[in-house]
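Novice: Input: one structure, supplied below.
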Amino acid sequence: MSIQRSPLEKAGSGLRYLVLVAGALLFLVPFYLVLRNGLMREQDITAAQWSWLPPQVQWGNMGELFSDPAVPMARSLLNSAVISVVQTGAVLVLSGLAGYGLARIPYRHSGAVLWTIVATLLIPASVTFVPSFVLVSSLGWVSTLRGLIIPGLFQAFATFLFRQYFLGFPKEIEEAARLDGLGYWGTFWRVVVPNSFGFVAAIATITFIGSWNAFLWPLVIGQDQSSWTVQIALSTFLTQQTSNLHELFVAAAIAIAPLVLMFVVLQRWIVEGVERSGISE
Amino acid sequence: MAQATATQGADPATRHTGRAQRPTLARRLRGDQNRNLWFWVFVGPFVAGLVFFVYVPILWSLWLSFYDARNTVTPTVFVGFGNYVDMLSDPAFRDSLLTFVVFAAFIVPTTFALSLGLALLVNRAALMQTFFRSVFFLPTACSYVIASLVWKMSLFSGVRFGLVNTVLGWFGLDPVAWLSIVQPPWYWLVIVSARLWLQVGFYMILFLAGLQRISPTLYEAAAVDGAQGWKVLRYITVPQLVATSSAVLLLLLINAFQAFDEFFNLLSTSGQYPPYARPPLVYLYYTALGQGQDFGHGSAGAVILTLLIAIVALLQGRLLRLGGDR
């Protein structure tokens with residue numbers, strides 16, 4: 001198609017970029033505010049006169065935050081890291097295996113099992129936090145990493161996505177593996193998984209983000225300070241009407257840094273994960 | 001742990017049968033048995049966990065909802081539908097449903113329009129397309145806690161040094177106490193804009209994927225027929241996005257129904273939540289896990305909310321489409 005661009009079209013294209021640039025700047029404002037406030041002295045943040053940049057950059061805010069006994073920053077970062085990494089790994093293994101079994105191993109009641117799993121998709125996990133809390137507290141898992149991690153490992157949606165993906169996996173590759181004498185187990189781990197990197201990465205990134213940013217469940221279960229995630233630490237700090245804004249914002253900067261880094265490096269997989277999770281749901 | 005050892009134990013066994021030379025019939029029988037076994041090796045751990053951590057709590061909660069269960073999870077006083085009647089006649093519970101309706105009326109159309117608009121703009125931007133997509137998508141990395149923190153303490157801070165109040169000051173306007181006044185209810189602006197910023201990029205990606213699935217031949221045919229600008233949008237783009245649009249609408253609605261994080265973090269101060277603007281989950285949180293620990297009423301509330309959301313999803317009918325061959 002080679003159509004001459006009219007002046008009107010050119011003007012439209014210019015307008016489009018103007019809107020895009022303005023929108024992009026607006027979307028970046030909150031990130032800017034986190035950095036600005038996190039690197040300022042308290043009196044500069046609350047000053048009557050607005051300053052776009054810190055008059056005096058305070059790298060020391062970070063050290064101050066980590067030595068503040070009121071906010072267990074290091075511990076909560078560690079908790080968040082452990083929870084997110086373990087949950088991501090376990091969801092991949094559990095849902096990956098289940099999805100493969102449902103897609104590829106013929107079994108008489110396979111359809112019924114699939115329905116048992118898919119039926120739970122109708123009930124969002126957050127609505128059932130009361131019953132889940134009842135169960136977890138009966139197990140004595142309140143304020144433990146077990147209680148924070150294990151109930152979130154059985155993601156029906158991830159299993160469903162894996163099943164859909166494996167249904168579309170090229171059968172010839174698997175058949176070649178079977179001829180080589182590999183059973184289901186060997187075929188899955190040595191042939192299917194290594195050839196599914198993109199899909200696994202997409203599910204992994206989406207799961208990790210959800211886990212790191214989770215709030216309601218950690219709030220319900222993490223009652224002792226020792227079991228706080230970074231979101232709970234920040235939320236407590238925030239809702240206690242603090243006058244410690246510079247620490248609050250430097251804490252926010254630290255809490256988003258891992259994910260922003262991940263977004264920049266792994267964006268391709270995250271976008272794929274979003275597309276898959278949105279379309280099939 | 002037990003799962004891992006079980007699967008490892010089963011592994012050499014099948015390798016053995018795979019190699020063994022046996023009569024065809026016996027081999028097939030063995031193979032069939034193995035298939036059932038292998039199905040459960042793969043699917044069993046997940047299904048066991050799902051039953052224990054999803055089905056058991058739901059059934060337990062259903063049982064609790066018919067009992068007077070204050071501060072206990074093994075109650076003895078049966079109250080029938082009493083908890084349900086109490087919940088449905090509780091003005092605070094009905095208010096929470098109303099709060100959801102108001103919230104959804106704000107957030108669903110704005111997110112839909114903005115994410116579609118951005119997708120259309122980004123899709124046609126030949127220059128720096130990836131950059132713009134990344135910028136609009138980046139807020140998805142942030143949690144509701146982070147957004148609430150920035151919105152409450154800096155952007156919409158009620159004092160003079162908040163950014164929005166600073167901008168108002170440039171135009172000679174007085175600072176507004178965004179979150180602490182009810183008349184006018186400016187807190188809706190804060191709540192809705194925070195969620196908008198967080199989720200627009202996500203839905204923009206879905207729309208972009210939908211736009212990129214539209215066959216170029218359709219546009220070429222439209223160009224041959226002389227269609228331009230709005231006409232192309234109206235007769236080609238929009239009809240081709242129907243599937244994506246209905247998926248986005250359902251997701252937006254379900255997510256709005258589950259709103260908790262930003263309400264909790266924006267509105268509660270020093271452990272106190274104001275009596276207004278309590279969406280269903282916030283209400284449930286304070287009923288079941290607040291000072292009362294009233295699991296009977298909390299469970300009845302959870303059951304009612306679950307039914308409501310399941311009805312919406314069923315009406316939409318999308319979640320039930322298995323096979324995914326569209």
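Novice: So, in segment A:164-177, of the ones that are surrounded by fewer than 16 Cβ atoms within 10 Å (Cβ to Cβ) and charged (D, E, K, R), which residue ends up nearest to A:Val271 (Cα to Cα)?
Specialist: Within segment A:164-177, the match that is nearest to A:Val271 (Cα to Cα) is A:Lys171.
Novice: Let me ask something additional. Give me the helices (runs of 4 or more DSSP H) completely within segment A:1-72, filtered to those with at least 3 residues that are away from chain B (no Cβ under 11 Å), ordered by residue number. Lay out the reasoning, then the answer.
Specialist: Values: elements: A:7-38, A:42-45, A:60-66.
Qualifying helices (runs of 4 or more DSSP H): A:7-38, A:60-66.
Novice: Evaluate the following for B:Val167: is it within 28 Å of B:Ser134 (Cβ to Cβ), of a type outside the set (S, T, N, Q), surrounded by fewer than 18 Cβ atoms within 10 Å (Cβ to Cβ) and more than 29 Å from the chain's Cα centre (by Cα)?
Specialist: On the way: within 28 Å of B:Ser134 (Cβ to Cβ): yes; of a type outside the set (S, T, N, Q): yes; surrounded by fewer than 18 Cβ atoms within 10 Å (Cβ to Cβ): yes; more than 29 Å from the chain's Cα centre (by Cα): yes.
So B:Val167 fits the description; yes.
Novice: Can you tell me which residue in segment A:151-165 is nearest to A:Leu219 (Cα to Cα), limited to those that are more than 7 Å from every other protein chain (Cβ to nearest Cβ) and assigned to a helix (DSSP H, G or I)? Spell out how you get there, then give the answer.
Specialist: Narrowing segment A:151-165 to residues more than 7 Å from every other protein chain (Cβ to nearest Cβ): A:152, A:155, A:157-158, A:160-163, A:165.
Pick out the ones that are also assigned to a helix (DSSP H, G or I) and you get A:152, A:157-158, A:160-163, A:165.
Details: A:Gly152: 14, A:Phe157: 23, A:Ala158: 24, A:Phe160: 28, A:Leu161: 28, A:Phe162: 30, A:Arg163: 32, A:Tyr165: 34 Å.
Filtering first and then ranking leaves A:Gly152.
Novice: Considering only residues of segment A:108-134 that are outside any helix (DSSP H, G or I) and at the interface with chain B (Cβ under 7 Å from one of its Cβ atoms), which is farthest from the chain's Cα centre (by Cα)? Explain how you work it out, then say what you get.
Specialist: Of all residues in segment A:108-134, those outside any helix (DSSP H, G or I) come to A:108-109, A:123-124.
Subsequent filtering for residues that are at the interface with chain B (Cβ under 7 Å from one of its Cβ atoms) retains A:123-124.
Working: A:Ile123: 20, A:Pro124: 17 Å.
So the residue we want is A:Ile123.
Residues are listed down the side, and each one gets a yes or a no for (1) hydroxyl-bearing (Ser, Thr, Tyr); (2) touching a residue at least 12 places away in the same chain (Cβ under 8 Å); (3) closer than 27 Å to B:Leu138 by Cα; (4) assigned by TED's automatic domain parsing to the domain that holds B:Leu121:
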| site | (1), (2), (3), (4) |
| --- | --- |
| B:Val167 | no, no, yes, yes |
| B:Pro175 | no, yes, no, yes |
| B:Leu179 | no, yes, yes, yes |
| B:Gln183 | no, no, no, yes |
| B:Gly229 | no, no, no, yes |
| B:Tyr235 | yes, yes, no, yes |
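Residue-by-condition table, conditions (1) part of a helix (DSSP H, G or I); (2) in contact with a Pro (Cβ under 8 Å, 6 or more places away or on another chain); (3) of a type in the set (D, E, K, R):
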| site | (1), (2), (3) |
| --- | --- |
| B:Thr217 | yes, no, no |
| B:Glu220 | yes, no, yes |
| B:Ala227 | no, no, no |
| B:Thr237 | yes, no, no |
| B:Ala243 | yes, no, no |
| B:Ser246 | yes, no, no |
| B:Leu250 | yes, no, no |
| B:Ile254 | yes, yes, no |
| B:Phe264 | yes, no, no |
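Novice: What about A:Ile105, is it within 30 Å of B:Leu305 (Cα to Cα) and of a type in the set (A, V, I, L, M)?
Specialist: Values: within 30 Å of B:Leu305 (Cα to Cα): no; of a type in the set (A, V, I, L, M): yes.
No, not satisfied.
Novice: OK, next. What pairs come out if I take residues in segment A:260-274 that are free of Cβ contacts under 8 Å to residues at least 12 places away in the same chain and under 19 Å from A:Phe162 (Cβ atoms) and pair them with residues that are part of a helix (DSSP H, G or I) and among the aliphatic types (A, V, I, L, M) whose C-beta lies under 6 Å away, six or more apart or interchain?
Specialist: Close Cβ pairs satisfying both conditions: A:Val271/B:Ile205.
Novice: Could you check how many residues of segment B:149-202 are closer than 16 Å to B:Asn265 by Cβ, assigned to a loop (DSSP other than H, G, I, E, B) and of a type in the set (A, V, I, L, M, F, W, C)?
Specialist: 3
Novice: Scan A:Val250, A:Val265 and give me the residue that is more than 14 Å from the chain's Cα centre (by Cα) and either crowded, with 22+ Cβ neighbours inside 10 Å or outside any helix (DSSP H, G or I) (or both). Break it down stepwise before answering.
Specialist: Numbers: A:Val265 fails: either crowded, with 22+ Cβ neighbours inside 10 Å or outside any helix (DSSP H, G or I) (or both).
Sole residue among the options that is more than 14 Å from the chain's Cα centre (by Cα) and either crowded, with 22+ Cβ neighbours inside 10 Å or outside any helix (DSSP H, G or I) (or both): A:Val250.
Novice: So is A:Leu148 under 17 Å from the mean Cα position of the chain (by Cα) and part of a helix (DSSP H, G or I) or not?
Specialist: Numbers: under 17 Å from the mean Cα position of the chain (by Cα): yes; part of a helix (DSSP H, G or I): yes.
Yes: the conditions hold for A:Leu148.
Novice: Among (1) over 30 Å from B:Thr72 (Cβ atoms); (2) buried (at least 22 other Cβ atoms within 10 Å of the Cβ); (3) among the hydrophobic types (A, V, I, L, M, F, W, C), there is one condition A:Phe154 misses while meeting the rest; what is its number?
Specialist: Exception for A:Phe154: condition (1).
Novice: Further question on the same structure: Name the residue, out of B:Thr287, B:Thr244, that is within 17 Å of B:Leu97 (Cβ to Cβ) and hydroxyl-bearing (Ser, Thr, Tyr).
Specialist: Numbers: B:Thr244 fails: within 17 Å of B:Leu97 (Cβ to Cβ).
B:Thr287 is the lone residue from the list that is within 17 Å of B:Leu97 (Cβ to Cβ) and hydroxyl-bearing (Ser, Thr, Tyr).
Novice: Please determine, by comparing only the residues of segment B:96-119 that are buried (at least 18 other Cβ atoms within 10 Å of the Cβ) and over 19 Å from the mean Cα position of the chain (by Cα), which one is farthest from the other protein chains (Cβ to nearest Cβ).
Specialist: B:Ala119
Novice: Okay, moving on. Filter segment B:128-160 down to the residues that are more than 27 Å from the chain's Cα centre (by Cα) and either under 21 Å from A:Ala22 (Cα atoms) or surrounded by fewer than 21 Cβ atoms within 10 Å (Cβ to Cβ) (or both), then identify the one that is farthest from the other protein chains (Cβ to nearest Cβ).
Specialist: Out of the qualifying residues, it is B:Gly158.
Novice: Of the residues A:Trp189, A:Trp212, which single one is modelled with pLDDT of 90 or more, aromatic (Phe, Trp, Tyr) and either surrounded by fewer than 19 Cβ atoms within 10 Å (Cβ to Cβ) or outside the structural domain of A:Phe129 (by TED's automatic domain parsing) (or both)?
Specialist: Details: A:Trp212 fails: either surrounded by fewer than 19 Cβ atoms within 10 Å (Cβ to Cβ) or outside the structural domain of A:Phe129 (by TED's automatic domain parsing) (or both).
Being modelled with pLDDT of 90 or more, aromatic (Phe, Trp, Tyr) and either surrounded by fewer than 19 Cβ atoms within 10 Å (Cβ to Cβ) or outside the structural domain of A:Phe129 (by TED's automatic domain parsing) (or both) holds for just one of A:Trp189, A:Trp212, which is A:Trp189.
Novice: Going by the conditions given, is A:Gln231 crowded, with 22+ Cβ neighbours inside 10 Å and closer than 23 Å to A:Arg146 by Cβ? Please lay out each step first, then the result.
Specialist: Working: crowded, with 22+ Cβ neighbours inside 10 Å: yes; closer than 23 Å to A:Arg146 by Cβ: yes.
Here the answer is yes, as A:Gln231 does meet what is asked.
Novice: Could you say whether any residue in segment A:135-146 is within 11 Å of chain B (Cβ to nearest Cβ) and charged (D, E, K, R)?
Specialist: No: segment A:135-146 contains no residue that is within 11 Å of chain B (Cβ to nearest Cβ) and charged (D, E, K, R).
Novice: Please determine, by comparing only the residues of segment A:135-145 that are aliphatic (A, V, I, L, M) and part of a helix (DSSP H, G or I), which one is farthest from the chain's Cα centre (by Cα).
Specialist: Going through segment A:135-145, the residues aliphatic (A, V, I, L, M) turn out to be A:135-136, A:139, A:142, A:145.
This time we only want the ones that are part of a helix (DSSP H, G or I), so: A:135-136, A:145.
Working: A:Leu135: 25, A:Val136: 23, A:Leu145: 18 Å.
Restricting to residues being aliphatic (A, V, I, L, M) and part of a helix (DSSP H, G or I), the top hit is A:Leu135.
Novice: Now for a separate question. On the basis of being of a type in the set (Val, Ile, Thr), farther than 16 Å from A:Leu94 by Cα, in a helix (DSSP H, G or I) and facing another protein chain (nearest Cβ under 9 Å), does A:Ile173 make the cut?
Specialist: Values: of a type in the set (Val, Ile, Thr): yes; farther than 16 Å from A:Leu94 by Cα: yes; in a helix (DSSP H, G or I): yes; facing another protein chain (nearest Cβ under 9 Å): no.
So A:Ile173 does not fit the description; no.
Novice: Can you tell me which residues in segment B:280-307 are more than 14 Å from B:Phe264 (Cβ to Cβ), surrounded by fewer than 22 Cβ atoms within 10 Å (Cβ to Cβ) and aliphatic (A, V, I, L, M)?
Specialist: B:Ile304, B:Leu307
Novice: Still on this structure, I have one more. Pick from A:Val93, A:Val142, A:Val130: which is at pLDDT below 90 and not basic (Lys, Arg)? Reasoning before the result, please.
Specialist: Working: A:Val93 fails: at pLDDT below 90; A:Val142 fails: at pLDDT below 90.
Step by step, each of A:Val93, A:Val142, A:Val130 is checked, and only A:Val130 is at pLDDT below 90 and not basic (Lys, Arg).
Novice: Can you name the condition, by its number, that B:Val73 falls short on among (1) facing chain A (nearest Cβ under 8 Å); (2) among the β-branched types (Val, Ile, Thr); (3) more than 27 Å from B:Ile304 (Cα to Cα); (4) touching a residue at least 60 places away in the same chain (Cβ under 8 Å)?
Specialist: (3) is the only condition that B:Val73 fails.
The values are calculated or read from the model by the stated rules, or taken from the named source; none is laboratory data. Owing to the predicted nature of the structure, the values given are computational and were not obtained by experimental measurement. When we count neighbours, we look across all protein chains shown, and the Cβ atoms used for this are built from the backbone with ideal geometry, even at glycine.
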